[in-house]
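What follows is calculated from the coordinates using simple rules that are stated; it is not laboratory data. Source: prediction; values computed, not measured. In this analysis, Cβ positions are derived from the backbone assuming ideal geometry, glycine residues included, and neighbour counts consider all displayed protein chains.
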Amino acid sequence: MFDFGFWEIALVLLISLVVLGPERLPSFASQLGSILKKIKDFANNVKTNIENESKMNDLKKIIEKQKDELTEFENSIDSDEK
């Protein structure tokens with residue numbers, strides 16, 4: 001996903017340690033993990049909803065097509081009876 005190497009990650013961790021300090025870094029990492037999990041869950045939810053809506057639209061098209069075919073069939077039966 002992201003192309004981070006060892007040295008980039010090490011540099012970010014070192015800067016975080018200097019800026020936040022060793023006492024606040026674990027709680028910050030925990031909060032960051034929690035926020036990232038919520039974002040990931042939200043994105044998965046949106047993706048699932050979009051897929052479901054797409055499937056529903058496809059099903060609606062199929063139902064409409066079946067209704068049209070049934071109407072045509074009924075009309076042909078009615079015209080044959082007359």
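Candidates Ser54, Ser16: the one that is surrounded by 10 or more Cβ atoms within 10 Å (Cβ to Cβ), of a type in the set (S, T, N, Q) and touching a helix residue (DSSP H, G or I) at 6+ places or on another chain (Cβ under 9 Å) is Ser16. Taking first residues from the range 1-29 that are part of a helix (DSSP H, G or I) and partners that are of a type in the set (Ser, Thr, Tyr), the Cβ contacts under 8 Å between residues at least 6 apart in sequence or on separate chains come to Leu25/Ser16; Phe28/Ser16. Taking the range 30-82 as the range and being of a type in the set (A, V, I, L, M, F, W, C), within 30 Å of Leu20 (Cα to Cα) and under 13 Å from the mean Cα position of the chain (by Cα) as the test, the residues that pass are Ile39, Phe42, Ala43.
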